[in-house]
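Reviewing the structure listed below.
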Amino acid sequence: MSTESVGACGPFLMLKSILRAGVFLVCCTVACVPQNKSNGASATTPTGAGSASDDFSPQTLAAGRQVFRFDTFGDEQFWTDTARMHEVVQRSVSPATALSVGLKVDADAIPADVAAAIKAGKVDLADPATTVTLLKLNAVVGLKGTVTTVNGKDNLTRLGITCALCHSTVDDAFSKGIGHRKDGWPNRDLNVGAIIALSPAITPAQKAVYNSWGPGKYDPRFNIDGKSTPLVLPPAYGLAQVRNETYTAEGPISYWNAYVAVTQMHGHGNFSDPRLGINIRQTPDMVGPKLASLRAYQHSIEAPASPPGSFDADASTRGRVVFNQNCVTCHVGVNNTDNNSGVLHTASETGQDASYALRTANKSYRTTPLRALWQHAPYFHDGSAATLQDVVTHYNNFRRLGLSAAQQRDLVQYLKSL
Ligand code: HEC
Ligand code: HEC
């Protein structure tokens, strides 16, 4: 995996805003998050750390879903004011281009007459103006546009991103890339790096890194430490009984949600983690008050069951025995992870590339909870296993398990059933 350093604040800085509460200056380009280590705010525990219980009332779940799908947390301050993505989209991103970089369209947000026109081939999918229309309809998953109409012409004036960008897809019911939302399903078609690389506000060196990631991957620390070891976009479903989120178990779900909302999406809010030396305060905090409903909503999203007929039930029953003999030391309990009892594993225990873990607070990997494996290939944090057979081959070789070909086949069928 390549590692390229472009320095914490990149070759050029932009003094961007003076914030009210702590009153400090923030430098922020695509390659740099606002860092404030000296405003005196005492943050001894990371934002969102600690246990919490969910309120699963219909009102809270509805509020959380609204946040997950549509809330930008004020991140237009970055995607519009700094990265100027609204200009790029209005000028050069047709629906065909958007779909080709993996963006998805929510068919339920398209009025029947527009849908019929698309079906009949009467809508120009090569025209960026159509993208602006879709944004006006709030129909592009994970993008939130503000469109003003002057003399009958639509103008995209603000653009922001939401959690759904990376953690939702659609079922393609209408056509490829256009369908009903699937919240929590990672968008493995989405080329986040290629999209960010369209911004006129980034350097050629940064652009090269963003373009190297490819579809379904993102590095949530590149703009912090300048290194690049991109991660596979993980599912946000099946996490109800998981104690620590992320491949490296940085903390519970609200910790990570706040981290991403503030440092990656560039929302307007607070995040601090003394372990990482990050302490960002922006008033008003448009992230913190939403974390509880966002957590409840994510915890309510169940992992999708394996489709009928997608695995061989008899082989799976045999494969379970193989799993219990070779895998349950780590993949234990209802979610198949020993991390609920606090355990982590160095990369060398499982034969993984250590470079991402070494950039994080814990320096190790969490045993990934196994859920809906049928749905989200490739596997492992860096996507190094393309298929479940590759996963089994990896363990068989690295841990010298000596599994026969038949045992391996059975184990794959069991994994498909999870
Ligand atoms: C630009 C893409 C992107 C956006 C936007 C994004 N995430 Fe993520 N998310 C990631 C990546 C990459 C990871 C893996 C990070 C890791 O494991 O270290 C991740 C990890 C997660 C996880 C942990 C999943 C697990 O297996 O433990 C959850 C939950 C999550 N994100 C929820 C959210 C929420 C809620 C938002 C909005 C506040 C959000 N994400 C916005 C890319 C994104
Ligand atoms: C020593 C502990 C350990 C053992 C034993 C172990 N695993 Fe894992 N497993 C992990 C860790 C840690 C990860 C995360 C690795 C990463 O992403 O880099 C993981 C990840 C996985 C994943 C990827 C899940 C995803 O969503 O990407 C699968 C599948 C998996 N293991 C299956 C197995 C199977 C099958 C066995 C038995 C043959 C096994 N594991 C044995 C610790 C273990």
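Can you compute the equivalent ellipsoid semi-axes for the range 146-286, i.e. the square root of 5 times each eigenvalue of the Cα gyration tensor, sorted largest first and rounded to whole Å?
26, 21, 18
What 222 nm value per residue comes from the helices of the chain, counting each DSSP H run with n ≥ 4 as -39,500 (n - 2.57) and dividing by all residues, nearest 500 deg cm²/dmol?
Calculated at 222 nm, the ellipticity per residue is -8500 deg cm²/dmol.
Check the straight Cα-Cα distances from Lys182 and name the lysines below 28 Å, setting aside those fewer than 8 residues away within the same chain.
Lys104, Lys119, Lys122, Lys136, Lys144, Lys217, Lys290, Lys416
So which trypsin sites (Lys or Arg not before Pro) in the range 87-188 end up in coil per DSSP with only 13 or fewer other C-beta atoms within 10 Å?
Answer by residue number: Lys122, Lys176.
Compute the distance from the alpha-carbon center of the range 232-281 to that of the range 117-135, in whole Å.
So the two Cα centres are separated by 36 Å.
Which whole-number percentage describes the relative contact order of the chain, with Cα contacts under 8 Å and a sequence gap of 6 or more?
For the chain, the relative contact order is 19 percent.
Taking other Cβ within 10 Å of each residue's Cβ, how do Thr350, Thr44, Thr360, Thr72 sort, fewest first?
Ranking Thr350, Thr44, Thr360, Thr72 by Cβ neighbours within 10 Å, fewest first, gives Thr44, Thr350, Thr360, Thr72.
Normalise the Cα radius of gyration of the range 300-343 by 2.2 N^0.38 Å (N = residues in it) and let me know the number.
Compared with the compact-globule rule of thumb, the range 300-343 sits at 1.41.
For the range 307-334 and the range 144-162, write down the distance between their C-alpha centroids in whole Å.
50 Å
So which aspartates and glutamates can Lys227 reach, going by Cα to Cα under 13 Å and dropping same-chain residues fewer than 8 places off?
By straight Cα distance, Lys227 reaches Glu4, Asp219.
Readers should treat all values here as calculations from the given coordinates under stated rules, not as data from a laboratory. These numbers come from a predicted model, not from an experiment. Don't worry about glycine lacking a Cβ; one is built from the backbone with ideal geometry, like all the others, and counts go over all protein chains shown.
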